[in-house]
Amino acid sequence: MASPRFLLLLFTTLSLTVSSAISGSVVEDLANLQPPSDFNTTIMKNCQHNPSLRYCNSSSMDLKEIFKFTIVASHLCNESKNPNCVHSFDNIDLRNRPKMAPLYLSYSFFWKYCPLTILSIDLSNISLKGSFPKEVICCDQIQALDLSLNGLTGEFPIESFAPLTNLTFLNLSYNYFSESKISDSQFFKRFNSSSFIHSGILPSDRNYTIKAIFLLVGFPICVILMAVCFGWLCFQRPDYLPRMFQRKHKFTPSMLRAATNGFSRKNQMVRSEGVEIYKGTLRDSTQVRIEIYRGCISREKRKEFVEECKVLVELCHKNLVQVLGWCSNRNQRAIVTEWTDGETIEMWLSGSAPPWKQRLKMLIGVVDGMRYLQEHWPEVVYDLRINSVLLSDNHEPLLSRFQVGDQYSNNKKIHKFGIFLLEIITNRRSQEFERGEAGLIEYVRDNYPKNLHKVIDARMKLPENMFDQAKHGIELGLMCTDQSISKHPSLNQISHMINKVYESCLELAPQNHKRSHGDGGKGHKHVQ
C-alpha cells in the first residue's frame, strides 16, 4: 500500500509539471504530452521510498508510459470523487457513466501500473458489452468489484481471479455470461448467490423450474412419444429398425405400400379377380414381386395362410423362385418373392425359338427343382405351366406360385410335367385345343410316330440324330400323360433319361451339319 508521503510526492510533482495542462482535454491529448526533464529523478525517488510500486518492478521502465499513467491516475481519482487525491486514491467509481468509463478502460497502461491504494472498483451500469474486462484484474489488491447492470457476455474467467485474494465483495448481476460450473469451484464459496443474480453464470431459479418441469412432465412425454414411435415402427415400418429388431420374413401393408409407390399402376404387372401382382423395391433396394390377394377371410384361414408361408420361406434351390416373406391382415394377404427380369418359358419359346440343346438344359433344371420339392417339401405344390415357369438372368428355370397342401398326388405332378414336356417340344399350347390338355395329348398321339415332323417344333431344324432324341422326348411326354397305365416314370427316372439325352446331344453337337428334319417329312423316312 502506497504511503501518504508517496502520494503527496507524486501528485505534487504532477501539479508542478503539468499544472497548465490539467484540464478536460488532457486525457484526450495524452499522445502529445511529454514528461518533464526531472521526471526520471522523481520516479527513482518514488521507487526508493516504495519499491513495491508496479512500475518499479517493470522489466523495462517506459518513462513516457508511466508519465501518461500518472496523468490518467490524477484525472481518474478526481472523476471518482475521492476526497483528497493528493493523499489518497482508494476508489474508482465510474458507475452510471457509460461515455466516460469505456475511455478509461481503454488505457491499458493505467491498469498495467494500477495504484496500490485502490481498494474498490465500481463499473456498474456503464453499458459495457463483450467479454469480461480482464484489465481491471491487474489491480489484484482490490477488495470490492462491481460490474453489475452491463451487457457482458462469453465465458467468465474464474481462473484469473485467483490472485485477488483480498476480494470480499463481487457483483456480476444482470449480465449475460455463459453458464459455467462456478458453483463447483472454490471461487463461489467466497461469495453468496446475490453476487450472480441474472448474470447467466449460475442457472437461475427459472432455469431450474424449467428443468424441473421438463424432468417431471416433458421427460415422461418424450418417453411415451418414443415408445409410440417405436411401436409404430415395429408394427408398420419395421424395415426402419436395426436388423435385430426386425421380424424376419414378415411384411406389413405399409412396407408393401412404400415398396410399390402406393400400389401405383406403374408398378402393377398383373391384375385379375382377387389377385394383383406388383413390382416393388424394398428399403434396402431389393427388387421384389408382390402377389396380393384381396378379400376378407376368417381368422382360421389367415392362420393357415401364415403357416403355409412359413414353409415357403424355407425353400432354397437354384430352380425355385425364392420366397422372401408374407403379409397377412384381415383384408389383404400377400406373398413377396424375389424379382427376376427374365421372361417366362412361354415368352422364351415364342420369341427366340431356342434350339433343342437349350430346351433340354431348361428341362433338366425344372426336373431338379421338382425333385428337390418332392424329397424335402412334398407338401408344397407349384404351378407347372410354360407361362408360370420363369427364366433367371442366366437362363435357369425357376418354379413359382407355390402352395402348401396335398392337392396334387405324385401321379398328378408327373402328368403336369408330361404336358409341360409336350408343349416344350411342340411349341403348342393346350389352350389352343378345344379339349385343352386332352386335346394336346390326342393331337400328339394321332401323329405319333409316323407324322412327328408335323408335331415337333420345326424352328429347331433338328438333324436326323437329334430328331430321334426329340422323338424319345415325345414318347416320355406321352408316357407321363397316359392315364391307362398304373405306374408312371418317377422323377428320378425322368431326370436320368433327360440328362442322358442332354449328354448325347452335347456329343452330337459337332455333327449339326447333317440334314435337318424340320422341313416337312423329307428326313422322317430315316427315323422309323
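The requirement of being open to solvent by 70 Å² or more (accessible area, probe 1.4 Å), part of a loop (DSSP other than H, G, I, E, B) and modelled with pLDDT of 90 or more is not satisfied by Cys296. So if I check each of Gly280, Gly231, Gly274, Gly218, which one is open to solvent by less than 70 Å² (accessible area, probe 1.4 Å), modelled with pLDDT of 80 or more and either closer than 30 Å to Gly151 by Cβ or not assigned by the TED database to the domain that holds Leu149 (or both)? Among Gly280, Gly231, Gly274, Gly218, only Gly280 is open to solvent by less than 70 Å² (accessible area, probe 1.4 Å), modelled with pLDDT of 80 or more and either closer than 30 Å to Gly151 by Cβ or not assigned by the TED database to the domain that holds Leu149 (or both).
Being open to solvent by less than 30 Å² (accessible area, probe 1.4 Å), outside the structural domain of His317 (by the TED database) and farther than 20 Å from Ala353 by Cβ holds for only one residue in Ile386, Ile424, Ile419, and it is Ile419.
Being open to solvent by 30 Å² or more (accessible area, probe 1.4 Å), more than 18 Å from Thr260 (Cα to Cα) and either assigned by the TED database to the domain that holds Gln268 or among the hydroxyl-bearing types (Ser, Thr, Tyr) (or both) is a condition met by no residue of the range 284-292. Picking from residues in the range 177-215 that are of a type in the set (A, V, I, L, M, F, W, C) and outside any helix (DSSP H, G or I), the one that is modelled with the highest pLDDT is Phe177.
For the range 28-48, which residues satisfy the criterion of being touching a residue at least 24 places away in the same chain (Cβ under 8 Å) and more than 19 Å from Leu76 (Cβ to Cβ)?
Gln34, Phe39, Thr42, Lys45, listed by residue number.
Any residue that is more than 19 Å from Lys361 (Cα to Cα) and at pLDDT below 90 - is there at least one of those in the range 457-467? Among the residues of the range 457-467, at least one is more than 19 Å from Lys361 (Cα to Cα) and at pLDDT below 90, which makes the answer yes.
Evaluation of Pro51 against the conditions (1) open to solvent by less than 70 Å² (accessible area, probe 1.4 Å); (2) in contact with a helix residue (DSSP H, G or I) (Cβ under 8 Å, 6 or more places away or on another chain) shows that the sole unmet condition is (1).
Look through the range 444-458, keep the residues that are in contact with a Leu (Cβ under 9 Å, 6 or more places away or on another chain) and not aliphatic (A, V, I, L, M), and return whichever of them is most open to solvent (accessible area, probe 1.4 Å). Among those residues, the one meeting the criterion is Arg445.
Do we have Lys250 as under 16 Å from Cys327 (Cα atoms) and at pLDDT 85 or above here? Walk me through how you get there before you give the answer.
On the way: under 16 Å from Cys327 (Cα atoms): yes; at pLDDT 85 or above: yes.
Criteria met by Lys250.
In this structure, Asn427 does satisfy being over 45 Å from the mean Cα position of the chain (by Cα) and of a type outside the set (Gly, Ala, Ser). Just so you know, in the range 98-118 the residues that are open to solvent by 20 Å² or more (accessible area, probe 1.4 Å), in contact (Cβ under 8 Å) with a residue 40 or more places away in the chain and of a type in the set (A, V, I, L, M, F, W, C) include one that is nearest to Phe177 (Cα to Cα), and it is Leu103. Take the range 459-488 and flag every residue that is open to solvent by 60 Å² or more (accessible area, probe 1.4 Å), more than 19 Å from Ile419 (Cβ to Cβ) and not in a helix (DSSP H, G or I). Within the range 459-488, Lys461, Ser486 meet the criteria.
The values are calculated or read from the model by the stated rules, or taken from the named source; none is laboratory data. Because the structure is a prediction, the values reported are computed rather than measured. With ideal geometry, Cβ positions are generated from the backbone for all residues, glycine too; neighbour counts draw on all protein chains shown. Surface areas here come from the heavy atoms of the whole protein model, side chains and all, with no ligands, DNA or RNA. Shrake-Rupley method; radii C 1.70, N 1.55, O 1.52, S 1.80 Å.
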